[in-house]
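Enquirer: Structure incoming, see below.
The values are calculated or read from the model by the stated rules, or taken from the named source; none is laboratory data. In this text, all values refer to a predicted model and were calculated from it rather than measured experimentally. Don't worry about glycine lacking a Cβ; one is built from the backbone with ideal geometry, like all the others, and counts go over all protein chains shown. To get the accessible areas, we keep the full protein, side chains included, count just its heavy atoms, and leave off ligands, DNA and RNA. Shrake-Rupley method; radii C 1.70, N 1.55, O 1.52, S 1.80 Å.
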Amino acid sequence: MQAIVLKSQGQLEIEQRPLPERFGPGQALVRVAAAGICGSDIPRAFDGKAYHYPLVLGHEFSAVVEDPADSGLQAGQRVVVFPLLPRLDDPFSLIGEYAVSSDYDYYGSRRDGGMQQYLWVPRANLIPVPDHVSLVAAAMTEPAAVSLHAVSKLRVASATVALVIGGGPIGVMVAQFLRIRGCTAVWVAEPDGRKRELARNLGFDVIDPTAEDTVAAIAERSNGRGADCVVEAVGLALTFEQAFRACATFGQLVLLGNPAGSLSLSAELVSTILRRELTIYGTWNSKVTPVGHSEWDEVLGRMGQTLVVEPLISHRVTIAEAPAIMEAMYSRQTWFNKVIVQMDPELR
Ligand SMILES: [Zn+2]
């Protein structure tokens with residue numbers, strides 16, 4: 001089989017490899033259909049953020065069951081893969097909170113992931129894809145579930161004004177879930193004109209932070225109150241600070257963006273958090289429990305209906321094209337939004 005292998009920092013190569021070995025009972029061999037390139041994969045590949053070398057990236061992927069073995073699934077079943085492999089004796093795993101458990105394994109970061117043609121996956125990590133969802137769209141299930149998990153922290157009351165800072169794929173999916181959850185107005189602040197245009201086309205109000213101050217803009221558009229719900233989906237010190245300042249009194253803030261640097265909180269900013277009685281949430285990963293009623297099930301049920309993901313895909317590339325596009329993403333030579341590697345373009 002073919003695999004896109006990170007051999008060392010910045011060194012991506014396509015290799016012929018033998019099929020992987022099964023590593024436990026109740027697993028199925030899947031043939032990968034499509035794998036998304038996550039924002040986190042770029043520093044993982046090029047900034048030395050990989051756990052080890054060699055490593056096959058890919059934690060956002062769809063597949064088709066090739067050999068069900070003793071998994072109980074059928075050959076040909078279309079699936080998405082929850083990338084986290086929990087240690088089941090962890091106390092958080094016992095209550096289905098795998099993302100906050102310890103010593104877990106993870107496709108595409110701690111073990112070889114979806115940028116190879118075949119993988120063995122435990123039954124509990126395989127979630128069936130409904131017929132109405134294409135396998136390319138299904139490769140967006142993981143980031144969509146991360147977006148939903150962030151929004152699920154918030155209590156949405158009536159007449160809620162929401163602000164999403166960052167209009168990349170995650171930010172725009174967050175905006176969609178805020179709308180689904182009943183926010184009256186959802187604003188997206190994004191400096192990139194093409195991404196703003198995409199958000200606008202999906203029905204969102206947009207703020208251009210290169211033309212006006214995000215905090216002043218949201219205040220002006222909410223009669224001076226600010227946003228009741230803010231989701232920070234960038235991770236820069238500047239946008240973190242904007243997120244705090246944009247909150248209305250009794251506002252709620254979700255910190256979702258992976259921090260690119262440290263943030264120091266001025267006494268004045270902390271005082272604002274106190275005086276406005278803000279609620280601040282962290283969010284990490286997503287949940288596949290309870291089985292059948294999880295964030296992943298909700299995402300797949302809504303995909304192509306109330307959740308639109310296809311317009312967020314800027315590039316669909318082949319295995320052969322993947323290393324070059326990842327280098328272009330790192331060096332910012334190419335405009336991109338969501339990039340999907342079609343590991344097998346025949347699988348739809
Ligand atoms: Zn990711």
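Enquirer: Quick test of your reading of the structure: LYS49 fulfils all but one of (1) at pLDDT below 95; (2) within 17 Å of THR141 (Cα to Cα). Name the failing condition by number.
Expert: Here LYS49 meets the rest and fails (2).
Enquirer: Which of the strands (runs of 3 or more DSSP E) found entirely inside region 172-235 contain at least 1 residues meeting this: touching a Cys at 6+ places or on another chain (Cβ under 7 Å) and closer than 15 Å to ALA159 by Cα? First the steps, then the outcome.
Expert: Values: elements: 185-189, 205-207, 227-232.
Hits in region 172-235: 227-232.
Enquirer: Answer yes or no as to whether GLY167 is away from the ligand (no atom under 16 Å from the Cβ), open to solvent by less than 10 Å² (accessible area, probe 1.4 Å), within 16 Å of the chain's Cα centre (by Cα) and under 17 Å from VAL234 (Cα atoms).
Expert: On the way: away from the ligand (no atom under 16 Å from the Cβ): yes; open to solvent by less than 10 Å² (accessible area, probe 1.4 Å): yes; within 16 Å of the chain's Cα centre (by Cα): yes; under 17 Å from VAL234 (Cα atoms): yes.
So GLY167 fits the description; yes.
Enquirer: For residues that are at pLDDT 95 or above, open to solvent by 10 Å² or more (accessible area, probe 1.4 Å) and within 25 Å of LYS338 (Cβ to Cβ), scanning just region 26-39, find the one that is farthest from the ligand (Cβ to nearest atom).
Expert: Result: ARG31.
Enquirer: Restricting to region 179-236, give me the number of residues that are farther than 22 Å from THR249 by Cβ and among the β-branched types (Val, Ile, Thr).
Expert: Quick first cut of region 179-236, residues farther than 22 Å from THR249 by Cβ only: 179-180, 188, 190-204, 206, 208-212, 233-236.
From what is left, the residues that are among the β-branched types (Val, Ile, Thr) are 180, 188, 206, 210, 234.
Selection size over region 179-236: 5.
Enquirer: Just to check your reading of the model, which residue among ASP208, ASP213, ASP228 is farther than 30 Å from ARG44 by Cβ and in contact with a Gly (Cβ under 6 Å, 6 or more places away or on another chain)? If you could, list the steps in order and put the result at the bottom.
Expert: On the way: ASP208 fails: in contact with a Gly (Cβ under 6 Å, 6 or more places away or on another chain); ASP213 fails: in contact with a Gly (Cβ under 6 Å, 6 or more places away or on another chain).
Unique residue meeting the criteria: ASP228.
Enquirer: Let me ask something additional. Tell me yes or no: at least one residue of region 88-101 is more than 16 Å from the ligand (Cβ to nearest atom) and farther than 25 Å from GLY282 by Cα.
Expert: There is no residue in region 88-101 that is more than 16 Å from the ligand (Cβ to nearest atom) and farther than 25 Å from GLY282 by Cα.
Enquirer: Still on this structure, I have one more. Just checking, does region 214-224 include any residue being within 12 Å of LEU163 (Cα to Cα) and either among the polar types (S, T, N, Q) or within 20 Å of the chain's Cα centre (by Cα) (or both)?
Expert: From region 214-224, those within 12 Å of LEU163 (Cα to Cα) are 214-215, 217-219, 221-222; that's our starting set.
Within this subset, residues satisfying the condition of being either among the polar types (S, T, N, Q) or within 20 Å of the chain's Cα centre (by Cα) (or both) are 214, 222.
Yes, region 214-224 contains at least one residue that is within 12 Å of LEU163 (Cα to Cα) and either among the polar types (S, T, N, Q) or within 20 Å of the chain's Cα centre (by Cα) (or both).
Enquirer: Between residues in region 156-167 that are assigned by TED's automatic domain parsing to the domain that holds LEU236 and residues that are among the acidic types (Asp, Glu) and open to solvent by 20 Å² or more (accessible area, probe 1.4 Å), which pairs lie under 6 Å by C-beta distance while being six or more apart or on different chains?
Expert: Final answer for the pair search is THR160/ASP228; VAL161/ASP228.
Enquirer: Would you mind telling me which numbered condition in (1) open to solvent by 10 Å² or more (accessible area, probe 1.4 Å); (2) within 16 Å of the ligand (Cβ to nearest atom) ILE127 fails?
Expert: For ILE127, the exception is condition (2).
Enquirer: Separate question: When only residues in region 40-67 that are within 15 Å of the ligand (Cβ to nearest atom) and aromatic (Phe, Trp, Tyr) count, which is most open to solvent (accessible area, probe 1.4 Å)?
Expert: So, considering only residues that are within 15 Å of the ligand (Cβ to nearest atom) and aromatic (Phe, Trp, Tyr), the one most open to solvent (accessible area, probe 1.4 Å) is TYR51.
Enquirer: Can I ask one more? Report whether or not ALA75 is closer than 24 Å to GLN342 by Cβ and open to solvent by less than 50 Å² (accessible area, probe 1.4 Å).
Expert: No; evaluated as a whole, the condition is false for this residue.
Enquirer: Which of the residues spanning region 10-55 are among the polar types (S, T, N, Q) and within 17 Å of the chain's Cα centre (by Cα)?
Expert: SER40 - this is the single residue of region 10-55 that is among the polar types (S, T, N, Q) and within 17 Å of the chain's Cα centre (by Cα).
Enquirer: Report, by residue number, each residue of region 1-41 that is among the acidic types (Asp, Glu) and either part of a strand (DSSP E or B) or more than 15 Å from MET115 (Cα to Cα) (or both).
Expert: Looking only at region 1-41, we keep the residues that are among the acidic types (Asp, Glu), and these are 13, 15, 21, 41.
Across region 1-41, the qualifying residues are GLU13, GLU15, GLU21.
Enquirer: State the number of residues belonging to region 229-278 that are of a type in the set (Phe, Trp, Tyr) and closer than 19 Å to ALA175 by Cβ.
Expert: As a first pass, look at region 229-278 and keep what is of a type in the set (Phe, Trp, Tyr): 240, 244, 250.
In the following step, the residues that additionally are closer than 19 Å to ALA175 by Cβ were identified as 240.
Qualifying residue count, region 229-278: 1.
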